[in-house]
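Read through the structure below, which is laid out as structure tokens, and then see the notes.
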Amino acid sequence: MSVEPAEAPRLDPTDTRPKFRQIASAIRASIEAGEYPDGKLPSGPQLAEQYDVARMTISDAIRELRDEGLVVSKQGVGVFVRERNPADGERSAKAELREVHDELARLQAQLENVQVKIRSLIDQS
């Protein structure tokens, strides 16, 4: 039986990344924090309900994590955190680059929101 994170992170409406990328980042962080001690992620329908998204969005997030080598899918059984081989290092370079890219995109969206607010304040003056 899998242990679900205490409280699922909400998707950030100001985040310009696709929802599946936001969800993949959240699951990645949960994996790295050891929130799935038995190694099994919640089912696709459970994750879809948890994040209030379509099942296809969850499939895309899981596919991204699988492509990074973080999880493996076992048909009819579930999705599991892949056992790490010490030779793999802590994380794949692809996963690290994606996270840096995603963080930059999130910061850019925040900056754009601040710029809009500043323009609004200037216009009101």
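The values are calculated or read from the model by the stated rules, or taken from the named source; none is laboratory data. The model shown is predicted, which means the values in this text are computed figures rather than measured ones. Backbone-built Cβ (ideal geometry, glycine too); neighbour counts: all protein chains shown.
Structure notes:
- Pair list, Cβ < 9 Å and 6+ apart or interchain, from region 97-125 residues that are aliphatic (A, V, I, L, M) to residues that are in a helix (DSSP H, G or I): 105/21
- Put simply, of 54, 29 the only residue that is out of contact with any Phe, Trp or Tyr (no Cβ under 9 Å at 6 or more places or on another chain) and at pLDDT 95 or above is 54.
- The residue pairs whose first member lies in region 25-51 and is loosely packed, with under 15 Cβ neighbours inside 10 Å, whose second member is of a type in the set (Ser, Thr, Tyr), and whose beta carbons are closer than 8 Å, counting only pairs six or more residues apart or on different chains, are 38/2.
- Considering only residues in region 11-26 that are assigned to a loop (DSSP other than H, G, I, E, B) and within 11 Å of the chain's Cα centre (by Cα), the one that is modelled with the highest pLDDT turns out to be 18.
- Scan of region 29-64 for residues that are of a type in the set (A, V, I, L, M) and in a helix (DSSP H, G or I), ordered by number: 29, 31, 47, 48, 56, 58, 61, 62
- Every listed requirement among (1) closer than 18 Å to residue 10 by Cβ; (2) outside any helix (DSSP H, G or I); (3) over 14 Å from the mean Cα position of the chain (by Cα) is met by residue 113 save one, (2).
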